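Okay, so here's the structure we're looking at.
Quick note: the coordinates plus some simple rules give every number you see, no bench work behind them. These figures come from a predicted structure and were not determined experimentally. For neighbour counting, all protein chains shown are included, and Cβ atoms are generated from backbone atoms with ideal geometry for every residue, glycine included.
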Amino acid sequence: MRAVVYRRFGAASQVLSLEHCSNPLPQAGEVLVKIKFSGANPSDVKSRAGSRPGVTKPAYEMVIPHSDGAGTIEAVGAGVEEKRIGQRVWIWNGQWGRALGTAAEYIALPADQAVEMPSTMEFESGATLGIPGLTAAHCVFGGGAVEGQSVLISGGAGSVAHNAIQLAKWGGARVIATASPGSFDRVKDAGADHVLDYSAPDLAKQISAIDPNGIDRAVEVEFGLNAGLLGRVMRPSGTIAAYGSALEMNPVFPFGPYLFKAITVDIVLVYILKPEQRSLAITKLHDAFADGALSPAVHKIYPLQDCVKAHEQIERGGRSGAVLLAP
């Protein structure tokens with residue numbers, strides 16, 4: 001099969017290459033999926049670049065990147081029902097803790113990591129659900145129902161946040177989102193009731209004017225930068241679901257407001273969700289999709305051989321959705 005691989009960390013153009021590799025074979029408890037689309041995410045780009053603190057070389061001699069994808073099951077290993085052959089599936093954790101991810105024509109992985117797609121879901125949408133979809137669903141619903149609550153979602157134009165807006169609105173929340181002015185229309189179209197400029201000097205005042213009682217739940221992409229703001233706008237016993245802090249990985253924030261409001265900070269790492277958490281998130285994604293309330297955005301699809309361009313697209317930023325590869 002054709003696959004994109006890397007053997008050392010570095011710039012995409014220097015370390016990614018398209019090679020011919022042996023087709024994987026499904027072991028006991030596994031399925032073999034023929035990949036239709038592979039989802040490239042910022043976490044994949046960071047892993048390839050070697051930007052993880054303290055990690056100096058790949059954990060495996062050869063890595064096929066990407067954890068997200070969608071395709072069709074072509075074979076099953078021992079212990080997996082043969083009726084799964086032919087199923088259209090989306091994939092989570094394809095390369096998490098493993099050497100061989102979805103940037104290839106085939107992947108073999110544990111059967112429960114290949115989720116049967118709703119019959120009306122396109123492969124393109126399925127390939128976005130692993131990281132952006134599950135993160136959004138858990139951040140919105142991980143603490144329970146949000147009906148009647150105020151949910152603040154930062155970076156509303158990003159892939160996770162764009163999904164989160166749709167899910168929170170579907171769940172009956174009043175959605176306040178932040179974004180750059182150039183993205184306001186897109187964020188409003190996703191369902192946000194209010195869209196505010198994330199760089200506004202009086203952002204906390206604007207949020208409090210919308211809901212003087214405070215925010216029930218925040219979905220936060222830059223916790224380090226926004227921790228002080230959140231301490232001011234959250235209601236007592238509110239929850240911050242923080243899934244990122246790339247611009248400030250060593251947050252400093254005033255403890256007093258968090259203490260006297262008893263604010264919960266829920267650090268979300270989608271790769272290690274508990275089985276019951278992941279099951280709930282999958283159910284929410286499928287139910288919202290069935291109701292026509294979730295439409296994951298795709299920015300661009302590249303052929304497999306242009307994986308370098310896909311990674312560089314993610315590094316440039318300014319995307320309006322997921323970046324996919326088509327083997």
What shape does the stretch 132-271 take by its C-alpha gyration tensor, where a ≥ b ≥ c are the square roots of the eigenvalues and a/c under 1.5 counts as rounded, a/b above b/c as prolate, and the rest as oblate?
rounded
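Net charge within 15 Å of ARG84 by Cβ-Cβ distance, Lys/Arg positive one each and Asp/Glu negative one each, not counting ARG84 itself?
Numbers: positive: LYS34, LYS83, ARG88; negative: GLU30, GLU74, GLU81, GLU82, ASP112, GLU116.
Here the charged neighbours net out to -3.
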Name the residue, out of ASP216, ASP185, ASP68, whose mean-square fluctuation peaks in a Gaussian network model built on the chain with Cα pairs under 10 Å.
ASP185
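Net charge around GLN95, counting only other residues with Cβ within less than 13 Å of its Cβ (Lys, Arg = +1; Asp, Glu = -1)?
+1
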State the Cα centre-to-centre distance between the stretch 139-198 and the stretch 205-251 in whole Å.
13 Å
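Report the net charge of residues surrounding GLY130, where surrounding means a beta-carbon distance below 12 angstrom and charges are Lys +1, Arg +1, Asp -1, Glu -1.
-1
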From the list [x] 57, 43, 43; [y] 99, 41, 31; [z] 59, 41, 34, can you say which value of Cα extents along the principal axes in Å was derived from the structure given?
[z]
Mind checking which of GLY86, GLY39, GLY171 has the largest fluctuation in a GNM of the chain, springs on alpha carbons under 10 Å?
GLY86
Could you check which residue among ALA290, ALA70, ALA40 shows the biggest mean-square fluctuation in a GNM of the chain with a 10 Å Cα cutoff?
ALA290
What whole number of Å gives the distance from the Cα centroid of the stretch 309-327 to the Cα centroid of the stretch 11-71?
15 Å
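May I ask what percent, to the nearest 5, of DSSP beta bridges between residues of the chain are antiparallel?
Around 55 percent antiparallel, to the nearest 5.
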Rounded FRET efficiency, nearest 0.05, which uses the C-beta distance separating SER237 from GLU276 and R0 of 30 Å
0.85
